[in-house]
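Asks: Below you will find the structure I want to go over with you.
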Amino acid sequence: MAEINEKQMRASQLYKKRNSFEMVWRQLRRNKGAIIGLILLIVIILGSLLAPVIYDYDTDVIGMNVRERMQWPSAKHICGTDDLGRDIFARIVYGARYSLAVGFVAVIIALLIGTALGAAAGYIGGIFENVVMRICDIFSSIPSVLMAIAVVSALGKSTANLMLAVGIASTAPFVRVARAAVLVVRGEEYVEAARAIGQPDWKIVVVHILPNCLSQIIVQATLRVGSAIISAAQLSFLGLGVPAPAPEWGSMLSAGRLYIRDYSYMTLFPGIAIMITVLSLNLLGDGLRDALDPKLKR
């Protein structure tokens, strides 16, 4: 009998999760901007994954062909070629791998650190909360690019250090969002019931509180990926990002700025790639915010 009741409870929970997902997806589909952003993001991700099928990395992306250098966009090279004769469109397609990887990994780092600190601060309160939030205020007062520059300068120039630097610089917003979300739900009856039956604090936070704060955290993460991509491009533009000759979008902008007067396409197309990627993430993030926030549902 107990096994039957347990199975019924699991089936009920599964049904609720599935029903909640369907409601969010139904709400998201009504937002045309979010769907456009989702489609653009899928196209960009698929293009980066299929890049080895479309282009030869050694020949088109990092290989030099002096005979075809500085060619304006044409049927052969739809985005033109750079100062070393490399196909710019091929480099943009491959560059999506670096920019997206840095953006998503940096946000995951910021999400893990920021959510853990924010949830602990919101649940524990007192002196610990004050210390965490004051440190967060200090981090927020420093421009994220300057902080990332300091981290990369201290650790050295590499893709992994770039991800870590951007992730650390993006931590403060997650601390604030997680703390605010935990403060809202920590006084609910199911949390008090969990305390009453003697569950440890870490389990109450992880099992009972954080799952009810995921909507705010997911929206924040989606919106922060675009900011992380821009920060990574800024560092690469300054020569502190992905080492050459990797085709990162920021480093492509940096290389093209020397020829911007006579060969403006060298900076135009990498800039458009960054703009479209960030725009798609922002549109999707806005749509998720509207779909996950019950106050905004119609």
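Asks: Failed condition for Ile260, given (1) hydrophobic (A, V, I, L, M, F, W, C); (2) touching a helix residue (DSSP H, G or I) at 6+ places or on another chain (Cβ under 9 Å); (3) within 25 Å of Val107 (Cα to Cα), with all others met?
Replies: Every condition holds for Ile260 apart from (3).
Asks: While we're here: Can you tell me which condition Glu6 does not meet? The list is (1) modelled with pLDDT of 85 or more; (2) part of a helix (DSSP H, G or I), and all the others hold.
Replies: (1)
Asks: Taking into account only those residues within the stretch 62-92 that are among the β-branched types (Val, Ile, Thr) and out of contact with any Lys or Arg (no Cβ under 9 Å at 6 or more places or on another chain), which is surrounded by the fewest Cβ atoms within 10 Å (Cβ to Cβ)?
Replies: Residue satisfying both the conditions and the ranking: Val66.
Asks: With respect to the numbered conditions (1) modelled with pLDDT of 85 or more; (2) more than 24 Å from Ala51 (Cβ to Cβ); (3) out of contact with any Ser or Thr (no Cβ under 9 Å at 6 or more places or on another chain), which one is the sole condition not fulfilled by Gln199?
Replies: Going through (1) modelled with pLDDT of 85 or more; (2) more than 24 Å from Ala51 (Cβ to Cβ); (3) out of contact with any Ser or Thr (no Cβ under 9 Å at 6 or more places or on another chain) one by one, Gln199 breaks only (1).
Asks: Within the stretch 265-288, is even one residue farther than 28 Å from Ile36 by Cα, in contact (Cβ under 8 Å) with a residue 40 or more places away in the chain and surrounded by 16 or more Cβ atoms within 10 Å (Cβ to Cβ)?
Replies: no
Asks: Can you pull out the helices (runs of 4 or more DSSP H) entirely within the stretch 131-248 that have at least 1 residues that are under 30 Å from Asp60 (Cα atoms)?
Replies: Those helices (runs of 4 or more DSSP H) span 144-155, 159-169, 214-237.
Asks: Oh, and also: If Gly256 satisfies all but one of (1) buried (at least 18 other Cβ atoms within 10 Å of the Cβ); (2) closer than 26 Å to Met147 by Cβ; (3) of a type in the set (Gly, Ala, Ser); (4) more than 16 Å from the chain's Cα centre (by Cα), what's the number of the condition it fails?
Replies: (2)
Asks: Here is a further query. Got a sec? Which of Ile135, Ile149 is without any contact (Cβ under 8 Å) to a residue 40 or more places away in the chain and of a type in the set (Val, Ile, Thr)?
Replies: Unique residue meeting the criteria: Ile135.
Asks: Could you list, in sequence order, the residues of the stretch 172-191 that are buried (at least 23 other Cβ atoms within 10 Å of the Cβ) and under 19 Å from Ile138 (Cβ atoms)?
Replies: Matches in the stretch 172-191: Ala172, Phe174, Val175, Ala178, Arg179.
Asks: Taking the stretch 153-171 on its own, how many of its residues are modelled with pLDDT of 85 or more and surrounded by 14 or more Cβ atoms within 10 Å (Cβ to Cβ)?
Replies: So the count comes out to 11.
Asks: Could you check the stretch 203-259 and list, in sequence order, the residues that are farther than 16 Å from Val177 by Cβ, hydroxyl-bearing (Ser, Thr, Tyr) and in contact with an Asp or Glu (Cβ under 9 Å, 6 or more places away or on another chain)?
Replies: Matches in the stretch 203-259: Ser236, Tyr259.
Asks: Can I ask one more? Being of a type in the set (A, V, I, L, M), in contact (Cβ under 8 Å) with a residue 60 or more places away in the chain and closer than 30 Å to Arg29 by Cα narrows it down to one of Ile230, Ile209, so name that one.
Replies: After applying the criteria, what remains is Ile209.
Asks: Residues being basic (Lys, Arg) and closer than 22 Å to Ser236 by Cα: count how many of those fall in the stretch 138-188.
Replies: Residues meeting the conditions: 1.
The values are calculated or read from the model by the stated rules, or taken from the named source; none is laboratory data. Since this is a predicted model, take the numbers as computed values, not measurements. Note that we place each Cβ from the backbone using ideal geometry, even for glycine, and neighbour counts take in every protein chain shown.
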